[in-house]
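Single-structure report; data block below.
Just so you know, all these numbers are worked out from the coordinates, no wet-lab data involved. Owing to the predicted nature of the structure, the values given are computational and were not obtained by experimental measurement. Note that each Cβ is placed from the backbone with ideal geometry, even for glycine, and that neighbours are counted across all protein chains shown.
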Amino acid sequence: MGTDETSAEVMVRMVPEQVGDWVLDELPRLNEAILRDQAPPGRLVTEVREHVLDRLPEITQLTPGQAQRLLVHLGFVGASVARHYQERTPGGVEHPEQAFAGMPVGDAGIPFRGYFAGVAEQTGTGHYGRDSYASLVRWNVGTIQVLLRGEMVAELPGIFDDGRIRSYTGTPGEERFFLLVKQGEAIELAVNGLLEPLAVDHADLIGESARHRVREATVLLGAMRRLFLDFANRPSDQTMAAEMFMDVFRQFAAHWTPDDIPPSGALDPEALKRDFLLGIAEPGYDQQARRLFPALLEREREEIGELMSAPALPLRLLTAIGTDETDLRLSDDGDLRRLIAHHPALIDWYRLLTMHARVSGAHLMLSKKFLFKPQRQRDQDGLGDRRLVSNRAGTTGMTETFLERITRARQRHVLAALRPLLIGETAESTLDSEVPCGRGAAAPVVLELAG
């Protein structure tokens, strides 16, 4: 402790750390006990009041970093209280906000959701007034570095340096899933970092520098696809069992108020940015994305909004070479071969768009394996659905049919007319990369991508 640090400053620093220790160690134990009917749901609120709410500092005393860390912890608290209340209280699903009625914060008795919103504002990030993708995944999981052929091409920081991942029940499956999602976002960040400079006005899209960026982005997307496939193909004791995903993990994404937006992988901003960079032939997709804006951070809303209002890169590419999508569709094989011979960059862009679609297919496969197929079997067996968080759709309402539709839309990309000529250009051996992962106790997780 520095000699100039006051006792009040020590308390502001220490109390959030104590809350964090409780969320790491005691909250998972309580959640497990309640889920197994070994403890009443009311015990959670009682212990939260004693170990969390009565100790929280004044919001204005928090630095932005302290506010971020506290927000992660309070998000797990709020999600746990919301879930148990709604599952055990008649009418709780219709009035989720009542879960927090007995949770005043501090001597001033600030309502829990009001305190949470104040801490969110104190972060300076424009964070949502409940737990979100940013706090649950990006801030929670430690720093991820993406290395391509030994060179770091992206770093996605976390806000903790203890090497631990916060979760609802403390089980390895939850930690693995959070890690997978953040690893995917880190690779997407690297991809977008390569592509975004090409989106500026008058950027060269067909020269060697642009082609290099496009080829590197394709390698990275191939690695991301392998990451998803590897997770899907491992035994459940090395990933997460579908039943655990559906009945335990997802059920913590309950509403805090009737019309709020629960955390979801659909809120991954780098995935949304990539769709608008590369284009997606799905009517209303931009409106769907804007519906998610309240749950994104302020910077994310601004960046995605700018990309939404600009032409996608493949459209700019076609303009640069003096053609358009209609001309491509109407051209015969001879015309297309001559176009490719004159503009070989088309091959690189075709490979990129095709791998983008294949990543979407791998994500759809994961969704089917861990969610849609098991729920379909439950429906056939007459077991029905979960009352709290439906397993017939994602937490933001994306159904299996919708995900299939947007996967097909990515397959129908602007350069799809070249497919008959370039079908052999997308062999996995040339585009996919292995993704060995390492993780130290307090060191950054490293994704080393072999080109």
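For T399, enumerate residues with amide H under 5 Å from its amide H, sequence gap 5+ or separate chain, H modeled in the peptide plane.
G394
At 0.36 nm per residue, and after removing the present C-alpha to C-alpha distance, how many nm does the segment from E32 to T323 gain when stretched out fully?
Details: separation 291, 0.36 × 291 = 104.76 nm, distance 6.00 nm.
Residue separation times 0.36 nm, minus the Cα-Cα distance, leaves 98.8 nm.
Where nothing but the Cβ of Lys and Arg (+1) and of Asp and Glu (-1) is charged, how large is the charge dipole of the chain around its Cα centre, in debye to the nearest 20? Numbers along the way, then the final one.
Numbers: 50 positive and 65 negative charges, 264 e Å.
Approximately 1260 debye in magnitude.
Calculate the radius of gyration of the Cα atoms of the stretch 255-391 to one decimal place, then report Dmax, the largest Cα-Cα distance, as a whole number, both in Å.
In Å, with Rg to one decimal and Dmax whole: 19.9, 60.
Does the stretch 7-124 classify as rounded, prolate or oblate by the C-alpha gyration tensor (a ≥ b ≥ c root eigenvalues; a/c under 1.5 gives rounded; else a/b over b/c gives prolate, otherwise oblate)?
Prolate.
What is the antiparallel percent of DSSP beta bridges lying wholly in the chain, to the nearest 5?
Numbers: 10 of 15 bridges.
The antiparallel proportion sits near 65 percent.
At a threshold of 8 angstrom on Cα-Cα distance, excluding pairs fewer than six apart, so keeping six or more, what relative contact order does the stretch 7-124 reach in percent?
Details: 109 pairs, mean separation 37.2, N = 118.
Value for the stretch 7-124: 31 percent.
Give me the one-decimal nm value for the distance between modelled label points at L330 and R386, 7 Å along each residue's Cα-to-Cβ direction.
With each label placed 7 Å out from Cα toward Cβ, I get 5.2 nm.
Can you run phi through the Karplus equation (6.51, -1.76, 1.60; θ = phi - 60°) for the stretch 56-69 and list ³J(HN,Hα) in whole Hz, with x for Gly and Pro?
So the Karplus estimates, Gly and Pro as x, are 6, x, 5, 4, 5, 7, 7, 6, x, x, 4, 5, 4, 5 Hz.
Defining a contact as two alpha carbons under 8 Å apart and six or more residues distant in sequence, what relative contact order in percent does the stretch 263-406 show?
Averaging sequence separation for qualifying contacts and normalising by length gives 26 percent for the stretch 263-406.
Rounded, prolate or oblate: which one fits the stretch 144-233, using the alpha carbon gyration tensor with axes a ≥ b ≥ c (rounded when a/c is under 1.5, else prolate when a/b beats b/c, else oblate)?
In terms of gyration-tensor shape, prolate.
Roughly what percent of Cα-Cα pairs across the stretch 144-449 reach past 37 Å? Please report the intermediate quantities before stating the final value.
Values: 8057 of 46665 pairs.
The calculated P(r) of the stretch 144-449 puts 17 percent of pairs beyond 37 Å.
How big is D, in µm² s⁻¹, for the stretch 55-106 by Stokes-Einstein at 4 °C and 1.567 mPa s if Rh is the Kirkwood radius over C-alpha pairs?
Details: Rh = 12.4 Å.
Rounded, D is 105 µm²/s.
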